[in-house]
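I have placed the structure first, in the form of structure tokens, so that the comments after it can refer back to it.
Quick note: the coordinates plus some simple rules give every number you see, no bench work behind them. Keep in mind the model is a prediction, meaning the values are calculated, not measured. Cβ sites come from the backbone with ideal geometry, for glycine too, and all protein chains shown count toward neighbours.
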Amino acid sequence: MTTAQTEGLIGMLTVLGILVLLVLPSVIGLVHDKRVDRQIREAQRRYFTSTVTHHS
């Protein structure tokens, strides 16, 4: 591997590393939001199920 190839590889890995650091917080936020939404839907389902069965 020549010096130019090595420098190119290092540059490419650096850019990929920076890209990962920039994208990672967004991905973590999306996963967190999905989990919270799922928990809210489950709580609503349980609430409505319990209110319908107890008030009928």
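Observations on the model:
- The charge dipole of the chain, taken about its Cα centre with unit charges on the Cβ of Lys, Arg, Asp and Glu (plus for the first two, minus for the last two), comes to roughly 440 debye.
- The slack in the chain from Thr51 to Gln5, taken as 0.36 nm per residue of separation less the alpha-carbon distance, amounts to 9.8 nm.
- Geometric extent, Cα atoms of the chain - Rg, Dmax (angstrom): 24.1, 79
- Here the simple spin-label model places points 7 Å from the Cα toward Cβ, and for Gln44 and Leu21 these points are separated by 3.9 nm.
- Near Lys34: Cβ cut-off under 13 Å, other residues only, Lys/Arg at +1 and Asp/Glu at -1. The net charge is 0.
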